[in-house]
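The values are calculated or read from the model by the stated rules, or taken from the named source; none is laboratory data. This structure is a prediction, so every number in the text was calculated from the model and none was measured. All Cβ positions, glycine included, derive from the backbone under ideal geometry; neighbour counts span all protein chains shown.
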Amino acid sequence: MLDTFDDKYVVTVGTKITKKEVRVFKPELEGEVRVDMTIWDIMGEKGFRELLKDAYFYGANGVLAVADLTRKKSLNDLDDWIDGVEKIAGKVPIFIAVNKCDLIDQAQFSQKEVSQMAKAFDSDFIHTSAKTGEGVEQCFKKLGDLVVEHQLGM
């Protein structure tokens, strides 16, 4: 179901594809720009991802790299994952979402560690919660804004 939350943890073993439209305000273009996103949720297990990465990453215009605040491995894995995308799609905008901010008491990595990861990829980040919705819309808007700027050479 669209825009619903399920708190059961299931490792992605395939691909979940979702469409999302965001509107970003660009004063230099005298108004809003509509960005139609096709989101491929492919993180899952590294071995599975390696088999199909060329097909998944080809043509990507931006990357929303998501780390689970309660699983340090998910932050550590972003490095290889982003490198893999860039090898196939080239240099595209990257934005990092640190998910599960509603579980801050279970955090396995610090703000400093996320900042270092983001800096390494010339990126920024936001804390989100798929459960509460906190930061989710802002996350997609920020990625949309970065993609528009990149596509228009701004």
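Check off (1) of a type outside the set (Asp, Glu); (2) under 13 Å from the mean Cα position of the chain (by Cα); (3) under 18 Å from Phe25 (Cβ atoms); (4) surrounded by 16 or more Cβ atoms within 10 Å (Cβ to Cβ) for Ile82 and give me the number that stays unchecked. Ile82 satisfies all of (1) of a type outside the set (Asp, Glu); (2) under 13 Å from the mean Cα position of the chain (by Cα); (3) under 18 Å from Phe25 (Cβ atoms); (4) surrounded by 16 or more Cβ atoms within 10 Å (Cβ to Cβ) except (3). Residue by residue through the stretch 94-122, note down the ones that are polar (S, T, N, Q) and either buried (at least 19 other Cβ atoms within 10 Å of the Cβ) or in contact with a Leu (Cβ under 6 Å, 6 or more places away or on another chain) (or both). Scanning the stretch 94-122 gives a single hit, Asn99. Every condition in (1) surrounded by 14 or more Cβ atoms within 10 Å (Cβ to Cβ); (2) in contact with a strand residue (DSSP E or B) (Cβ under 9 Å, 6 or more places away or on another chain); (3) on the phi < 0 side of the Ramachandran plot is met by Gly135 except one, and the failing one is (3). So is Val148 β-branched (Val, Ile, Thr), surrounded by 15 or more Cβ atoms within 10 Å (Cβ to Cβ) and under 18 Å from Val35 (Cβ atoms) or not? Yes: the conditions hold for Val148. Residues in the stretch 58-93 that are in contact with a Lys or Arg (Cβ under 9 Å, 6 or more places away or on another chain) and hydroxyl-bearing (Ser, Thr, Tyr): Thr70 only. Here is a check on your reading of the model: is Asp68 over 19 Å from His150 (Cβ atoms) and not β-branched (Val, Ile, Thr)? Against the criterion (over 19 Å from His150 (Cβ atoms) and not β-branched (Val, Ile, Thr)), Asp68 qualifies. Quick check on the stretch 1-42: of everything there that is of a type in the set (A, V, I, L, M, F, W, C) and in a loop (DSSP other than H, G, I, E, B), which residue is modelled with the highest pLDDT? My answer is Ile42. Of the strands (runs of 3 or more DSSP E) lying entirely inside the stretch 43-154, those carrying at least 3 residues that are modelled with pLDDT of 90 or more and among the hydrophobic types (A, V, I, L, M, F, W, C) are 63-68, 94-99.
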